[in-house]
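Every number in this text was worked out from the coordinates using simple rules, so none of it is lab data. As the structure is a prediction and not an experimental result, all values here were calculated from the model. Heads up, the Cβs are rebuilt from the backbone with ideal geometry, glycines too, and the neighbour counts pull from every protein chain shown.
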Amino acid sequence: QKEVEQDPGPLSVPEGAIVSLNCTYSNSAFQYFMWYRQYSRKGPELLMYTYSSGNKEDGRFTAQLNRASQYISLLIRDSKLSDSATYLCAIRSSNTGKLIFGQGTTLQVKP
Amino acid sequence: GAGVSQSPRYKVAKRGQDVALRCDPISGHVSLFWYQQALGQGPEFLTYFQNEAQLDKSGLPSDRFFAERPEGSVSTLKIQRTQQEDSAVYLCASKWGSTETQYFGPGTRLLVL
């Protein structure tokens, strides 16, 4: 079993839709949870990170952490064409900052 | 300011050749990470530097992989006697101090024939 599991999709939604992306993790000791976005042939860029259970909102994006159930999710509201990308959940597993990534979910937003 | 840069962007190597991949982190970033990303997968950790010290190399897949950062800025990832399974995108990331944000470069796409 991988430490971080993520449904690879692909996910296709119309513009304006609400999208929920999910990850589960296996180690309850993990501390920091992140969502990265990766456009084709680019490096990942950090969208949001959280470390406490509950919701964290930033514009159209909401990151949700549920430590009891060991899952994290990213909600995208009013999705735009520019949201088409691969979304990677990541967990910081040690004090060095080493990240463990999920497989990534490919999202396509259609006009 | 400039972000993380990597060179070359693309590299084609014949099986058995040695390759060297370069990473220029953001100026002043103490921490530097290398990740390997296979097609359709998330990045996987290879190694970590704090300044010039390599503090974690637990992700290096074999002794054919070697990384260095001799002066605490530019880093080089070297792969000796490349194999087809080494074909992947190699990503470099840097971060400042104890912040969480790792800034990734565009990656080097390595194809071993």
* Asked: Among the aspartates and glutamates, which have Cα under 16 Å from the Cα of residue B:11 when same-chain residues fewer than 8 positions away are ignored?
  -> B:85, B:86
* **chain A: relative contact order as a whole-number percent, Cα under 8 Å and 6+ apart** => 37
* Calculated P(r) tail over 31 Å for the protein assembly as shown, as whole % of Cα pairs -> 21
* To do: Pop out the ³J(HN,Hα) list for region A:43-53 in order, Karplus 6.51 cos²θ - 1.76 cosθ + 1.60 with θ = phi - 60°, rounded to Hz; leave Gly and Pro as x.
  => x, x, 10, 6, 8, 7, 9, 8, 9, 10, 4
* Kirkwood estimate for chain B, i.e. one over the average of 1/r between Cα atoms, Å -> 13.9
* **Highest to lowest packing among A:30-41, B:101-112, scored as the average C-beta count within 10 Å** => B:101-112, A:30-41
* **Pairwise centroid distance, computed over Cα atoms, of region B:1-53 with region A:1-69, Å** => 24
* Structure fact -> With Rg from the Cα atoms and Rh as the Kirkwood inverse mean 1/r over Cα pairs, region A:52-106 has an Rg/Rh of 1.00
* Structure fact -> Per-residue average of other protein chain Cβ atoms inside 10 Å, peptide B:100-109 -> 5
* Structure fact -> In terms of the alpha carbon gyration tensor, root eigenvalues a ≥ b ≥ c, rounded if a/c is under 1.5 and otherwise prolate when a/b exceeds b/c or oblate, region A:1-63 is prolate
* About the Cα centre, charge dipole magnitude for chain A (Lys/Arg +1, Asp/Glu -1 at Cβ), debye -> 200
* To do: Please state the charge dipole magnitude for region B:27-113, taken about the Cα centre, from unit charges on C-beta atoms (+1 on K and R, -1 on D and E), reported in debye and rounded to the nearest 20.
  => 160
* Calculated log₁₀ intensity ratio I(q)/I(0) where the Debye formula runs over C-alpha points of chain A, q = 0.20 Å⁻¹ -> -1.04
* Asked: Relative contact order (percent) for chain B, with alpha-carbon contacts under 8 angstrom and 6 or more residues of separation?
  -> 37
